[in-house]
Structure formats: C-alpha cells, structure tokens
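Novice: Provided herewith is a single structure, encoded as structure tokens, for subsequent inquiry.
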Amino acid sequence: MSEIIIENLSRRRFLQGSAGLTLGFCLPAVATAAAGKLGAAAAVNAEINAFLQIGTDNSVTVMSKHLEMGQGTYTGLATILADELDADWAQVRVEGAAADAKRYNNTFWGPAQGTGGSTAMANSWEQMRKAGASGRAMLVSAAARRWQVGAAEIVVRDGIVSHAGSGRKASFGELALDAANETVPTEVKLKDPKDFRLIGKQAKRKDSAAKTNGTAQFTQDVFLPGMLVAVVAHPPQFGATVKSFDASKAKAIKGVVDVVQIPQGVAVLATDTWSAKKGRDALSVTWDDSKAFKLGSDEILAKYKEMAKKPGLVAKQTGDTAKTFAGAAKVVSASFDFPYLAHAAMEPMNCVVHLKADGCEVWNGEQFQTVDQGRVAALFGLKPEQVKLNMLYAGGSFGRRACTQSDYVLEAAHIVKAINGKAPVKLVWLREDDMRGGYYRPMFHHALEAALDGSGQLVGWRHRLVGQSIITGSPFEAMLVKDGIDHVSVEGASNLPYAIPNLLVDLHTPTDIGVPVLWWRSVGSSHTAYSTEVFLDEVAAAMGKDPVALRLELLTGHPKHAGVLKLAADKANWGTPLKATAGERRGRGVAVHESFSSFVAQVAEVTVKKDGSIKVDRIICAVDCGTAINPDNIRSQVEGGVGFALSAALHGEITLKAGQVEQGNFDGYAPIRIDEMPVVEVHIVPSGAAPTGIGEPGVPPLAPAVANAIAAATGKFLHRMPFNTAELVA
Amino acid sequence: MIQLTINGKAQHVDVAPDTPLLWVLRDSLQMTGTKYGCGQGLCGACTVHVDGEPVRACSTPVSDVVGRRITTIEAVDGERVGKVVQEAWRKLDVVQCGYCQSGQIMSAVALLTQNRKPSDADIDNAMAGNLCRCATYVRIRAAIHEAAKALA
C-alpha cells in the first residue's frame, strides 16, 4: 500500500498566510432534496458551497469535513462558519460530509482528508470563515437583486437579511434558492474579531440532544437490509496466521450464516451479533505461529535498556554535551519506562461495508478518509471515488480510528470480499478484540542526564529515547521521518523549551518488535512531557530551587510557556501550604508543555496515604490555544484530557507475555472512574492569534504534574508509568 | 417467542433464553440507544432500568426480565426525573463522544429517583459503574447536582 503517501504540502504556506486554501466551491450550485426529517416535505437544501447548505425551511447545514469523536469539532466548525454568515445559532445543524479529498482535504496535509494532530480548527479556521462570509455575500446579493437596492445597504444579523431604507427583510430560507445561483465571490471581507457574535462566546454543542436521548447514530447502530454481523477469531499473537480451522460447531449455531477465512483470521457471519459471537466461541482454529512475535513486555524492556547504553541517532544537538558532562560539578540522572497503551474507546472498532455493482459504500467513525478510501478501493479493484465513505459519530477514538494501516476497515472489506459481496457486513469487534487488536501507544524507555556546573547552573542535558516508530511504513513516512528520526518519537523532547546551552537528544528505533503501534492522544508528548518535566523537578531539587522559579528562569525565550505557567501557578496559589490531615501527605506539583502549537500548564494537588495510595484532589490548568473559538469546549477538552491522562498515570498498561496481550477488558485495563476524577479548573489565556489544537494538549502535562506533586509530598520521584504506589508506602 | 414489556409496550422476540437483553434491544428490536461497551457488566454503557433499578443489559439474560418493566434511554424522558436529567446534561454540555451517555443518564436517573439530594459521595457510589473514556466525570457530577436542584 505504499502508493498512499501523504505529504505536508500546505502547512508552511498556510502558516505564512498566503493563498494555500481552496474553498472547494461546487458550481453551478445544486438544490438537493432535503432529508425527510427537516419537516415540510417541499423543503430543499440549496448548496451554497462545499461547507454550507441553506434550506428553504430556513435551516443552515454546515458540512463537517472532520470527524466528531467527542472533541467538539462539529460545534467548533459550525461556530466559525455561522459567525461569518451571521446565522442564528438555533438554525444551524451539522452533518458529516462524505469523503472527498478534493473538497474536504485537511489543508495541513496537502491533498488528503483526515482528522488528527489536533488540527481540525487550525486548518479550517480561514477556510470556514471564508465559507461563511462567502455565503453571507451571496445572500446579500440575492436580496439586493430581488429588492433592487444596493448590496452595501443590506444588513445581516441572526439569520435575517434586511434593508432599512425599504423596510424589506427576509430569512435565509426565503433567499436560499436565489443565493445558490449567485456568483461565488472571489474575495470576501472577513469580520473584525471585535464583531464576532459566536466565536469566543458560549455556543452550545450541536450534538448534545442526540447524545442524550439515544438517537445519535454510531457505526454500531447501522442496520442495512440483509446485513450480516461478523465477529472474527483473531490470532493470539501478532503475526500469527490461520493454519486450519473447523467450523462445524459454529455453523450449527442458530443464526450463523457463514464462516470464512480472511487474512486477519476467521470470520463468523450471522444474522445478529450474539449469534456471531457464539459462533466464534464455537470455532476451532489452529494457528501458525511460525512468524508470530513471541516476546513479553519484560523482555522488550530489557532489550530497550540494553540499547540505551549506546548512542542513538541524533535528533537535536546544541553546544557540546560531551565536554560539558566531562567537566560537570554534579550530574543528575534518571531513567523512565512507559508501557504500551490501548486507546480503549468506549465504542469498540467496527465498520459496515456494502459492495454494490458500481462501487462500495462504507459506514464508519471515519477519521482517515483518503487513506481508508485508497485501501478499500485497491482491495476491490475500484477507483477511490467509487468508495463512498459515510462519516458517522465515533464513540471515541483518541487516535485509534486514524490507523495508518486501515486495519479494521480493511478487515471488514476483506470479509465482504470473502463472501463475494453477497450481503452488507457489519464487522463488530468485541471489547477483547479491541483491547488485543494492537496499534498501541508504543512502549518507550528514556534515559536522562543533567549537568550542573561549579556554580550550580544547569548547563547540560542529555536525553536518550528508545521506542518503536509509529510513522515508518505508514503513508506519513515521507512527511514525518527525516534521516531516520521519526519526528513523533522525539516531539516534546527535541524541542525542549528550556535555555540549556548544551543539549543532546538521541533516539533508538527498534525495528524487530512485532507489536503494531499508533498515535495515542498527544502522541510523542504522552511520554516526553513526563520524562522531561519530572526530570526537571529532580534537577530543581538537586539545585535547591523552586520548580516554578527554575522553569521561569529557563523559559526566557518562550513567553507562551511562561505565560501559562505563571497563570496556573497564580491560580493555584503556588507556594502557599496545603492542609493535610493526620497520616496523610499532601503535595503540589507543576508541569508545562507545548503540543500541537498549544501551551498548557497544570498544577496538581495530591494526597498520598500511608499505604501509598494516591488521591488526585485538584488540577488547575492554564491554556493558550490562540483564539478561543468555543471556551466551554476548551474547558471540556482539558477536563477530559486530565481524566484520560490520569487513567494512564494510575492504571494504564498493556503487557505481553510470550507475545500474547494479557489484558482483555476493563477489569485488566482500567480507565479511571468518577470516584478518581479530580476537581478540574481551566483558565484560558485571552488571545487574538489563529486557533491551535485543543483535543490533545490537555493530556501531556497531567502525569508529570501529578508525579511532581507526589514527589513534593513524599520526596519520591516515580520513574515508571503507570505509577507503582508500593514505592510510596510511608 | 419471548414476551417482554419495554417502555410500556409488549414486544415479542424469537431468541434463545440466554441471549443478553442488550442484544435483544439492539439487534432484535433495533433500539440502539443502549450501547455495547464490554459485555461483562464492567462499563455500564448498556445500563437500562428493570422495575426501576439500574441493570447492565449486556450481562442480563433475556429470560430474567420476562414479566418485568424494562425502561431504556428512548423512553426515559417519560417521567419527570428522566426529563430533568436530560435537560441538565444539555444545559451543561456534558457529552463528548456520547457513546457512554445513555448508560450514564440511566444510572443518574435511578440515583435521583431514590435520592433527591445526593452528595458527591453518593454520586461517586451510584455512578462508579459507568465508565466514560472521554472523562466527562466533572460535568456528570455537576449535571446530577443541577438536576437535583431542578427536582427540589
């Protein structure tokens, strides 16, 4: 599948503010029959541009090119467009657009459509503003033509177009069909930010109603006439294959229709999920493990520690670390271990595929349109545009659905191919399939050293990382791997913001570990923020300096880091004592990290009991993510990021034994529950800069802030995730 | 044929008696508001009410609920507590991905039906069976307090 290559064509252009954007207007505008749910049978939706339809029933439909997986993207994109359109928020609805890389590419990714890297708002900001402003201009010209008045005299506000001189006014719906026939303006004037009426305000989520009454449609909820449900027996180790299987018992189960071999295992097809599961349980499969990966986590870690003894490929070098360390008055060192982590979205991976005479249709919580479309097309011998991808709500993803190898989507397609397309198929992964299906956040080992000179100044920093590459072998390789360094393995480490004159970051990338790995919410920063920020506190302790004061000293060249750090420290009353009850130790810790061009600082307040158990009481967060399109959603994403990261800090760990994943469900792999959720406060730095990401940046600082708070309470720095609380027994 | 009473309506389904209620709701009746998350009663995404009590439908054989009153997310607004809880959820924009929220709401409604003024500890006890991977817990807690206020 090496023909699918994604290159970062437009990011630089975009950031320079030149015309790297396409609006993807579709001319001549087409009026399409609206879905029945809109009410009046005669209502039609007029397509104003690729992102905007206005219905004769006065509905404004924003077409989202990005997946709504919880991060609030539907609401955010609609907020931007609706503000420039001057729509009434109540008339705005959002629909997921069907895949189309020409109209809906991620402008940071060149000609590819997809959602990831916390880019949805950032790459769409200018595009959605222009789409809204352009729609507004077309409504205005339609009204000017109809009323025979000057366009400049027309006012648009809250979904009403009016002309004071003649007293005429019209709703968007009344003008929709005429507006669609207006010429698309080549230049549009965007609002002065002081005139924003939705951006920066409290626009309510557009998906709240459907997600609180059970009507939101996830892939799991798709039913097609004649559809079969497939549950697959997967091999117990990565790389193992089917040697032989006996389906006689499975086929005897009521509801089971077919049993087929596919490259990923053996699929049992039934009329319903429960029958398919019973069928799979009754299968007898013999696996060929001759090419399987058979190591356990302990052996992998031992290997990584061995590799860390030798220099790796240099990812970043300034000054002369060899000389600095040789002449150091004091060297501080520590190493850190990070396990594999599963995304464990609440909706296990699933996908519906229907092969038809003239093409193929897919229903999915679709995050990686262009990659998945190319692969499915290749499998069926179709052109990509013959594969219609319907993007449904995703019940979480955290990176999992943007699979570089299209794993579960292709698995569903393979099943359809194996039955010659005789029925549409819904592939259902049970929780255990999802947990053991690989594509984990890679395991990593980090070794760090800091050199202090005779006057106690921090003059040298060496950081060595060992872990698998996510990108090598993926369509993103050309874009993100340079000179053997996978950018996402070292992000957060190679761009250390601290002013340390001698810095060396190097990387080992083992290539003989057969565990599939993938980005996991905040990617490299999910481990680099931990090792850098905890280690900096260890260095501060060795220097006898306050962690906030030391950071501020070292952040002279990074005002945004310093800004959020000061704000979080201030709101947390940093430096004041925390009250502890008898027998409990309490501490406050801090961390600051940049990821996806956003800056987040967090202060954690933690209680450690005598038995070593930890209660995270409160997290105070400060965020700088540029223009706050929807402040409440920013708070929501940071609250959620805190909980997601805390799960990994306290419990998250996928382990292998003889190549087999030991965890299968939420008992062995335990996200935090409500009783472990701290109080979270989120403070947003006011900014007029273009918006940056917010889906991921709340995650990285959490674990190091908590670990630093634990160290403040106990004197003990924790060097592995998840935390080993046995080290904290008083 | 098995006869069930779901959301006040009689339903007849042709399934094996050991079939979990979850799959009867989802696959036989295509009432898809109730979600599959774990199949072992660990995550609460499939929570429904049986005679008013919160129950994990994924690990409840359909034969156990014959003759009992089953309520799902689709009809939870039929009673005042359910309506108020949904309104609180919307007012505070609790949801993110939304997949677990049917189960969260069913558990919250059961709690508030029995305890009109739950403390944080009561909420933690009643809601600890419902996982949310997006970690919307801060707002779940706030929305339950909000609903309690509206019900007072």
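No lab work stands behind these numbers, since they all come straight from the coordinates. What you see is a predicted model, and the numbers here were worked out from it, not measured in a lab. Counting neighbours? That spans all protein chains shown, and the Cβs are built from the backbone with ideal geometry, glycine included.
Novice: Whose amide H sits under 5 Å from the amide H of A:VAL242, counting only residues 5 or more places off or on another chain, with H placed in the peptide plane?
Specialist: A:ASP288
Novice: On a 0 to 90 degree scale, rounded to 10, what angle separates helix B:137-151 from the longest Cα axis of chain B?
Specialist: For helix B:137-151, the angle is close to 90 degrees.
Novice: Continuing with the same structure: Which one, A:TYR340, A:VAL259, A:GLN369, projects farthest toward the positive side of the charge dipole computed for region A:259-400 from Cβ point charges (K/R +1, D/E -1)?
Specialist: A:TYR340
Novice: Rounded to the nearest 20 debye, what is the charge dipole size of region A:325-454 about its Cα centre when +1 sits on each Lys and Arg Cβ and -1 on each Asp and Glu Cβ?
Specialist: Roughly 360 debye for region A:325-454.
Novice: Please give, to one decimal in nm, the separation of the simple spin-label points placed at A:GLN457 and A:GLU553, each 7 Å out from Cα toward the Cβ.
Specialist: 1.0 nm
Novice: Let me ask you something else. Using modelled backbone amide H atoms (1.01 Å from N, in-plane), which distant-in-sequence or interchain residues come within less than 5 Å of A:GLU68's amide H?
Specialist: Residues meeting the criterion, in which the H sits 1.01 Å from N, are A:ALA394.
Novice: While we're on this one: At A:ASP195 and B:ALA150, where each label point lies 7 Å from the Cα along Cα→Cβ, what is the point-to-point distance in nanometres?
Specialist: 3.7 nm
Novice: Also, quick follow-up: Need one word for region A:649-730: rounded, prolate or oblate. Basis is the Cα gyration tensor (sqrt eigenvalues a ≥ b ≥ c); a/c below 1.5 gives rounded, then a/b vs b/c decides.
Specialist: oblate
Novice: Taking a quarter of the surface of the Cα convex hull of region A:525-594, what do you get in nm²?
Specialist: Over every viewing direction, the Cα hull of region A:525-594 projects on average to 5.7 nm².
Novice: Roughly what % of DSSP beta bridges within region B:2-74 run antiparallel, to the nearest 5?
Specialist: For region B:2-74, the DSSP antiparallel bridge percentage is about 85.
Novice: With a ≥ b ≥ c the root eigenvalues of the C-alpha gyration tensor of region A:51-115, is it rounded (a/c under 1.5), prolate (a/b larger than b/c) or oblate?
Specialist: It comes out prolate by the Cα gyration axes.
Novice: What are the ³J(HN,Hα) couplings of region B:85-90, residue after residue, when phi is run through the Karplus curve with 6.51, -1.76, 1.60 and θ = phi - 60°? Round to Hz, x for glycine and proline.
Specialist: 5, 4, 4, 5, 4, 6
Novice: Say each of A:ARG145 and A:LYS482 gets a label point 7 Å from the Cα, pointing the same way as Cα to Cβ; how far apart are those two points in nm?
Specialist: Distance between the two pseudo-spin positions: 4.9 nm.
Novice: Within region A:224-259, list the residues whose amide N lies under 17 Å from a label point set 7 Å along Cα→Cβ of A:THR286.
Specialist: Answer for region A:224-259: A:235-236, A:240-249.
Novice: While we're on this one: Do any of A:LYS130/A:LYS383; A:LYS102/A:LYS482; A:LYS545/A:LYS571; A:LYS545/A:LYS579; A:LYS102/A:LYS383 go past 26 Å between their Cα atoms, and which?
Specialist: A:LYS130/A:LYS383; A:LYS102/A:LYS482
Novice: Between the alpha-carbon centers of region B:11-34 and region A:182-196, tell me the distance in whole angstrom.
Specialist: 52 Å
Novice: So, one more: For peptide B:22-33, what's the mean number of Cβ atoms from other chains within 10 Å of each residue's Cβ?
Specialist: So the per-residue partner count for this stretch is 4.
Novice: Next question, about the same structure. In debye, nearest 20, what is the charge dipole magnitude of chain A about its Cα centre with +1 on Lys and Arg Cβ and -1 on Asp and Glu Cβ, if you could check?
Specialist: 300 debye
Novice: Compute the FRET efficiency between A:ALA542 and A:ARG618 as 1/(1 + (r/R0)^6), taking r as their Cβ-Cβ distance and R0 = 30 Å, and round to the nearest 0.05.
Specialist: 0.60
Novice: Within a Cβ distance under 13 Å of A:GLU385, other residues only, what is the Lys/Arg minus Asp/Glu net charge?
Specialist: With Lys, Arg at +1 and Asp, Glu at -1, the neighbours total +1.
Novice: Right, another one. How large are Rg and Dmax for region A:166-257 when only the alpha carbon atoms are used, in Å?
Specialist: Both quantities, over Cα of region A:166-257: 27.4, 81 Å.
Novice: Could you calculate the FRET efficiency of B:ARG116 with B:LYS91 from 1/(1 + (r/R0)^6), where r is the beta carbon distance between them and R0 is 22 Å, rounded to 0.05?
Specialist: Efficiency at R0 = 22 Å is approximately 0.75.
Novice: Please state the shape class of chain A: rounded when a/c is under 1.5, otherwise prolate if a/b exceeds b/c and oblate if not, all from the C-alpha gyration tensor.
Specialist: In terms of gyration-tensor shape, oblate.
Novice: Given the C-alpha centroids of region B:82-141 and region A:213-258, what is the distance between them in whole angstrom?
Specialist: Centre-to-centre (Cα) distance: 32 Å.
Novice: Work out how much length A:LYS310 to A:ALA329 would gain on full extension: take 0.36 nm times their residue separation and subtract the Cα-Cα distance, in nm to one decimal.
Specialist: Length difference between fully extended and current span is 4.5 nm.
Novice: Got a sec to turn the phi values of region A:411-427 into Karplus ³J(HN,Hα) couplings, 6.51 cos²θ - 1.76 cosθ + 1.60 with θ = phi - 60°, whole Hz, x for Gly and Pro?
Specialist: Whole-Hz 3J(HN,Hα) from phi for region A:411-427: 4, 4, 5, 4, 5, 4, 5, 5, 9, 6, x, 5, 8, x, 10, 9, 7.
Novice: Assuming 1.306 mPa s and 10 °C, estimate D for region B:76-151 with Stokes-Einstein, Rh taken as the Kirkwood radius over Cα pairs, in µm²/s.
Specialist: 133 µm²/s
Novice: From the helices alone, meaning DSSP H stretches of at least four residues, give me the mean residue ellipticity at 222 nm for the protein assembly as shown, per-run term -39500 (n - 2.57), in deg cm²/dmol to the nearest 500.
Specialist: -8500 deg cm²/dmol
Novice: Right, something else. Give the Debye-formula value of log10 I(q)/I(0) at each listed q (0.14, 0.20 Å⁻¹), with one equal scatterer per alpha carbon of region A:309-447, two decimals each.
Specialist: Log10 I(q)/I(0), no solvent term: -0.71, -1.14.
Novice: In addition: Place the peptides A:71-79, B:3-11 in order of packing, highest mean first, counting for every residue the other Cβ atoms within 10 Å and averaging per peptide.
Specialist: Descending packing order for the listed peptides: A:71-79, B:3-11.
Novice: May I ask you to evaluate 6.51 cos²θ - 1.76 cosθ + 1.60, the Karplus curve with θ = phi - 60°, for each residue of region A:178-189 and list the ³J(HN,Hα) values in order in whole Hz, giving x for glycine and proline?
Specialist: Values per residue, Gly and Pro as x: 5, 4, 5, 8, 6, 6, 5, x, 7, 10, 10, 8 Hz.
Novice: Rounded to whole Å, give me the distance from the Cα center of region A:413-465 to that of region A:587-637.
Specialist: 23 Å
Novice: From Cα pairs below 8 angstrom and at least 6 apart in sequence, can you work out the relative contact order of chain A, rounded to a whole percent?
Specialist: Contact order relative to length: 14 percent.
Novice: Only Cα pairs under 8 Å and at least 6 apart count here; give the relative contact order of region B:2-74 as a rounded whole percent.
Specialist: Result for region B:2-74 is 39 percent.
Novice: From the residues A:ALA402, A:ALA447, A:GLY116, which one has its Cα farthest along the dipole of the protein assembly as shown in the positive direction, the dipole being from +1 and -1 charges on Cβ of Lys/Arg and Asp/Glu about the Cα centre?
Specialist: A:GLY116
Novice: Right, something else. Estimate the FRET efficiency between A:ALA252 and A:ASP512 by the formula 1/(1 + (r/R0)^6), using the beta-carbon distance for r and 45 Å for R0, to the nearest 0.05.
Specialist: FRET efficiency, A:ALA252 to A:ASP512: 0.60.
Novice: Gain in length, A:GLU385 to A:ALA499, computed as 0.36 nm per residue apart minus the alpha-carbon separation, to one decimal in nm?
Specialist: Taking A:GLU385 through A:ALA499 to full extension adds about 36.0 nm, to one decimal.
Novice: Count the DSSP beta bridges whose two residues both fall in chain A, then state the antiparallel fraction as a percent rounded to the nearest 5.
Specialist: Around 75 percent of the beta bridges assigned by DSSP in chain A are antiparallel ones.
Novice: Tell me which of B:VAL81, A:HIS527, A:LEU228 sits at the most positive position along the dipole axis of the protein assembly as shown, charges placed on C-beta atoms (Lys, Arg +1; Asp, Glu -1).
Specialist: Towards the positive end, the residue furthest out is B:VAL81.
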